[in-house]
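All of the numbers you see were taken from the coordinates with simple rules; none came from a lab. All values reported here derive from a predicted model rather than from experimental measurement. Positions of Cβ are backbone-derived with ideal geometry, glycine not excepted, and every protein chain shown enters the neighbour counts.
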Amino acid sequence: MISSKLEEAINDQINFEFYSSYVYLAMSAWFKDQNFNGFAHWMEIQAREELFHAMKLFHFVFDRGGKVVLTAVKAPAGEWKTPQEAFRQAFEHEQTVTSRISDLMDLALTERDHVAATLLQWFINEQIEEESSVKSIVDQLRMMGASQDSVFMLDRELNVRQLGAQASAYLNDQPLTTA
Ligand code: FEO
């Protein structure tokens, strides 16, 4: 049985994962509007990964005898000056997620909930990949500077990103949009 403190904190993280999905979907919409279809695709895949994270926590709360309480999802930003700014914010967002997951792990250990700690270890490992993949894009964009040709080349490269195997299996790889 999950403790009420941990139940509340994980419910809060469910909301934050849905918010994360919203943040990336907003970035995807902005990139589409700017005709950066590869960046838009990358962000849409990221939005779907976040839905998977939210649902993983959602099912965990039920499996441990808790109650899921869904609350309002904050509106994300909708405008960025450059692709680099959007990806830099995405990186900062992932750093916030890592910090939140670390706090959840501290709480799980304080509550001696080793089942929750095992789940949270999965999220901690996931964050290594989440931070590193966005950071590499931020670094590439920084090196490209004002070279529009290079930025459009990276945009094309990112158009091939696929949903991770676990998220894909969970979401049944059904497209969430009618492309
Ligand atoms: Fe759910 Fe991008 O962390």
Per-residue ³J(HN,Hα) for the range 71-85, Karplus 6.51 cos²θ - 1.76 cosθ + 1.60, θ = phi - 60°, Hz, x for Gly and Pro: 10, 4, 9, 4, 6, x, 5, x, 9, 9, 6, 8, x, 4, 5
Loop-located trypsin sites (Lys or Arg not before Pro) in the range 1-74, at most 16 other Cβ atoms within 10 Å (DSSP): Lys67, Lys74
FRET efficiency for Gln148 and Ala29, using Cβ-Cβ distance with R0 set to 30 Å, rounded to 0.05: 0.90
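Order the peptides 160-172, 18-30 from the highest to the lowest mean number of other Cβ atoms within 10 Å of their residues.
18-30, 160-172
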Unit charges at the beta carbon, dipole of the range 1-141: most positive-side option, Phe31, Phe87, Ser102: Phe31
Dipole magnitude (debye, nearest 20) for the range 72-144, charges at Cβ of Lys, Arg, Asp, Glu: 220 debye
Cα pair distances in the range 1-99, grouped into 10 Å bins until the bin that holds the longest one, percent each: 17, 43, 26, 12, 3
The chain, helix-only ellipticity at 222 nm - DSSP H runs n ≥ 4, -39,500 (n - 2.57), divided by all residues, nearest 500: -26000 deg cm²/dmol
Sparse-neighbourhood loop sites, trypsin sites (Lys or Arg not before Pro) in the range 81-112 - DSSP loop, at most 14 other Cβ within 10 angstrom: Lys81, Arg112
Where GluC sites (Glu not before Pro) in DSSP loops with at most 16 other Cβ within 10 Å are excluded, longest remaining stretch of the chain: 1-78
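Return a whole-number percent for the relative contact order of the chain, with Cα pairs under 8 Å and 6 or more residues apart as the contact set.
Averaging sequence separation for qualifying contacts and normalising by length gives 31 percent for the chain.
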Phi to ³J(HN,Hα) by Karplus 6.51 cos²θ - 1.76 cosθ + 1.60 over the range 150-161, Hz, x for Gly, Pro: 5, 5, 5, 5, 5, 4, 5, 4, 6, 6, 9, 4
The chain shape via C-alpha gyration tensor axes, a/c threshold 1.5: prolate
Stokes-Einstein D for the range 116-161, Kirkwood Rh over Cα pairs, 20 °C, 1.002 mPa s (µm²/s): 173 µm²/s
From phi via Karplus (6.51, -1.76, 1.60), per-residue ³J(HN,Hα) for the range 90-102 in Hz, x at Gly/Pro: 4, 5, 4, 4, 5, 5, 5, 4, 4, 5, 5, 5, 4
